[in-house]
Amino acid sequence: MNQLPNAPGPPAGILGLNLARQFSRDPLAFTTEMVREYGPLVHLRFGPQHAFIAAGPKAIHEVLVAGSRTFRKEPRTRNAVRKIDGKGIITTEGDFWLRQRRLVQKGFSADRMEGYAQVTTQRVNQMLARWPDSGDLEICDEMTCLTLETIAETMFEVDMAADSRELAEQVEYLSERLVVEMGSPLQLPDWLPLPAKRKKRTSLRALHDMVRRVVENRRKSGNTDRGDMLSMLLTAVDTEGDGGQMTDQQVCDEITTLFVAGYDTTASGLAWTWYLLAQHPEIAEKATAETRRVLSNRAACYEDFDKLFYIRRIINESLRLYPPAWLIMLRQATVATQLMGYHVPRKSWIYLAPWVTQRSERWFADPLKFDPDRFSPERIAEIPQHAYYPFGLGPHRCIGEKLALLEMTLIVASVLRKFHVTLAANQGSVEVEAHTAIRPRGGLRLRVERHGQQL
Ligand code: HEM
C-alpha cells in the first residue's frame, strides 16, 4: 500500500493547526474550497492524524458502498452519539447492527406507511388551522414542532403538541453540544459540575425519561398492535436470524435513535424547501397548480405521493442544494488501504459531505440554480451515479428515507393547497449554519397568505 501515491492536498503547516482552525470556523466553506482546489479526493493532515475529503462519486462509492466493511463509523464520534442514542442502529456496527436493522426495518414496511401518511396530514392540517389568514411566521419553529409531533405519533402514538417546543429545545441543545464536543481536542467527562455539562445531563434525562415512560406504559397496557413503530419493535421477531426479540433497553435505544434522527433532518429539509419556493414564485405557482389538480378540495393522503410528481422533484432538488445531513457521520479506515488508487493509512478519517459534492460544478451543471426539472425522467440520467446522496449510500443508507420523502411531500402539498408563501419583508439575507443538520442562521421568517385572501 505504501508504494501508492499520496492524494493531493494543502500543506499541513505547523502541526496542521491552521487547517483544523479553518475547518472548525467554517466547515462548509472550507470543505468546498478544498475540493475546488484539489479535486475529488483531498488529503489533509491534522498533526499526526491523516484525513481525507471523499467528494467524487468514485471515492464516495468506494467508502460507503464497496468499502463499507473497511471504512467504519469513527469510534470517538460513535461514542459521543451513543450517549444520546445508546446502542441504536446509528451507533452500532457488524452483526449486532445487522440484526437490529432487520428488526427496525419492519416498522418501515409499505403497509405501515399508509398510517404514517394519515398522521402527517392530520398534523399539518391542525397546524394550518392555527395559521393566520395573513401574517408572518417563524417557519423553522413551525416545521420543527410539526415534524416532532408527527414523529412522536408515528413512532409511539404520543401526542406531543403541548411539550414539543420544550423537547425540541432540549434535543437541539444535545445536537449543539455534540458538534461542539466533537470539534474540541479535549473531551471532558459529562459528570463535571460545569453549567454546559449540567444542562446536557438535564436534557439527556428529559429525553431518556420520556422514551422509558412510553415503553413502560405500553408494556403495562399489553402489546396490542396500534400501527405505530413501537408496537412493531416490541413484537418483531428476527425471523432471518436468531429468532429472538429486542429487550426493552434495545427498544428504548432504537426509539430514541429514530426520534432524534427523524425530526430535525426533516424539519431542516422543509425549512430550506420553503426558502427556495419563497424565492421562486413561478415554481411555487406550478406546484400549487399540481396540488389543485391532484387534491382538488380534499386533504392529501398516502396514494397522492405517487401523483405529486412536481412537488417530489422540488423536494429532491431542495435536498440537493440544502442536504440536511450536510456531513455524513465520520468514517475511519480500519486498515491501511487505498481510495481512487491513492494511499490511505490505517486509522485515517474520511469526511463525506453531500453539501460539497451536490453543489459542485464538477458533477452538476449550473450547480447553484434551483432547477427541480433536473429530476425529470428526461434529465435524471445527467446526474452522475453516487453524486447525489442526501440520505447516504450503502448498507447504512437512511432507514427513514421513504418516510421522510412521504412526510415532506404531503406537508408541502397541504400547505401550498391553502397558502401562498413569500419571504417576510423583515427577513434579511439568509446564512447557512452547520449543526448536525444545516439551518438558516437565526431562523427564517415567511409571509403566509391564505388563498383567496391575498391583498
Ligand atoms: C430529510 C430527512 C432525512 C435526511 C436528510 C436523513 C439523512 C440520513 C443520512 C445521510 C444517513 C446516513 C448516515 C451514515 O451513513 O452515516 C441517515 C441514516 C439514518 N437515518 Fe436518516 N435522514 C432523514 C430522515 C430520517 C427519518 C425520518 C428517520 C427515522 C424516522 C431517520 C433515521 C435514520 C437512521 C436510524 C439512520 C442510521 C441507519 C444505519 O446506520 O443503519 N432518518 N439518515
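The values are calculated or read from the model by the stated rules, or taken from the named source; none is laboratory data. Computed from a predicted model, the values in this text were never measured in an experiment. Cβ sites come from the backbone with ideal geometry, for glycine too, and all protein chains shown count toward neighbours.
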Some residue of region 231-251 being part of a helix (DSSP H, G or I), touching a residue at least 60 places away in the same chain (Cβ under 8 Å), within 15 Å of the ligand (Cβ to nearest atom) and aliphatic (A, V, I, L, M) = yes
Filter region 164-202 down to residues that are of a type in the set (S, T, Y) and part of a helix (DSSP H, G or I) and give me whichever is modelled with the lowest pLDDT.
-> S164
Odd one out for E303 among (1) touching a residue at least 24 places away in the same chain (Cβ under 8 Å); (2) under 30 Å from Q126 (Cα atoms); (3) of a type outside the set (V, I, T) = (1)
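For region 154-175, indicate whether the set of residues that are within 11 Å of the ligand (Cβ to nearest atom) and not charged (D, E, K, R) is non-empty.
For region 154-175, residues within 11 Å of the ligand (Cβ to nearest atom) and not charged (D, E, K, R): present.
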When you go through G452, G428, G442 one by one, which is the residue that is free of Cβ contacts under 8 Å to residues at least 24 places away in the same chain and within 21 Å of E285 (Cα to Cα)?
-> G452
Do any strands (runs of 3 or more DSSP E) lying entirely in region 275-380 carry at least 3 residues that are of a type outside the set (V, I, T), and which ones are they?
-> 331-333
Name the pairs whose Cβ atoms lie under 7 Å apart, with the first residue in region 93-122 and free of Cβ contacts under 8 Å to residues at least 24 places away in the same chain, the second within 13 Å of the ligand (Cβ to nearest atom) and of a type in the set (A, V, I, L, M, F, W, C), and 6 or more positions between them or separate chains?
-> W97/I89
Please determine, by comparing only the residues of region 85-136 that are touching a strand residue (DSSP E or B) at 6+ places or on another chain (Cβ under 8 Å) and within 12 Å of the ligand (Cβ to nearest atom), which one is modelled with the highest pLDDT.
-> T91
Yes/no for Y275 being in contact with a Ser or Thr (Cβ under 7 Å, 6 or more places away or on another chain) and not hydrophobic (A, V, I, L, M, F, W, C) | no
Would you call G227 at positive phi and within 16 Å of the ligand (Cβ to nearest atom)?
-> yes
Here the qualifying pairs (Cβ atoms under 6 Å; residues six or more apart or on different chains; first in region 396-411 and closer than 18 Å to L295 by Cβ; second in a helix (DSSP H, G or I) and within 7 Å of the ligand (Cβ to nearest atom)) come out as E407/T266; M408/G269
Here the residues within region 289-308 that are closer than 15 Å to M408 by Cα and either among the basic types (K, R) or surrounded by 15 or more Cβ atoms within 10 Å (Cβ to Cβ) (or both) are T291, A299, A300, Y302, D304, F305, K307, L308
Would you please list the contacts, defined by Cβ atoms under 9 Å and residues six or more apart or on different chains, that run from a residue in region 364-391 that is touching a residue at least 60 places away in the same chain (Cβ under 8 Å) and farther than 25 Å from V65 by Cα to a residue that is of a type in the set (V, I, T) and more than 16 Å from the ligand (Cβ to nearest atom)?
-> F370/I283; P372/I283
Could you pull out every one of the helices (runs of 4 or more DSSP H) wholly within region 1-82 that has 3 or more residues that are over 18 Å from M329 (Cβ atoms) and out of contact with any strand residue (DSSP E or B) (no Cβ under 8 Å at 6 or more places or on another chain)?
-> 17-25, 27-38
Among residues belonging to region 64-123 that are surrounded by fewer than 20 Cβ atoms within 10 Å (Cβ to Cβ) and of a type in the set (F, W, Y), point out the one that is farthest from I350 (Cα to Cα).
-> F108
Taking K197 as meeting all but one of (1) among the charged types (D, E, K, R); (2) surrounded by fewer than 20 Cβ atoms within 10 Å (Cβ to Cβ); (3) more than 30 Å from R25 (Cβ to Cβ), write down the number of the exception.
-> (3)
Mind counting the residues in region 255-276 that are within 6 Å of the ligand (Cβ to nearest atom) and polar (S, T, N, Q)?
-> 3
Region 404-427: number of residues that are of a type in the set (S, T, Y), under 23 Å from the mean Cα position of the chain (by Cα) and more than 16 Å from the ligand (Cβ to nearest atom) = 1
Can you name every residue in region 400-437 that is touching a Leu at 6+ places or on another chain (Cβ under 8 Å) and within 30 Å of T77 (Cα to Cα)?
-> G400, M408, V430, V432, A434, T436
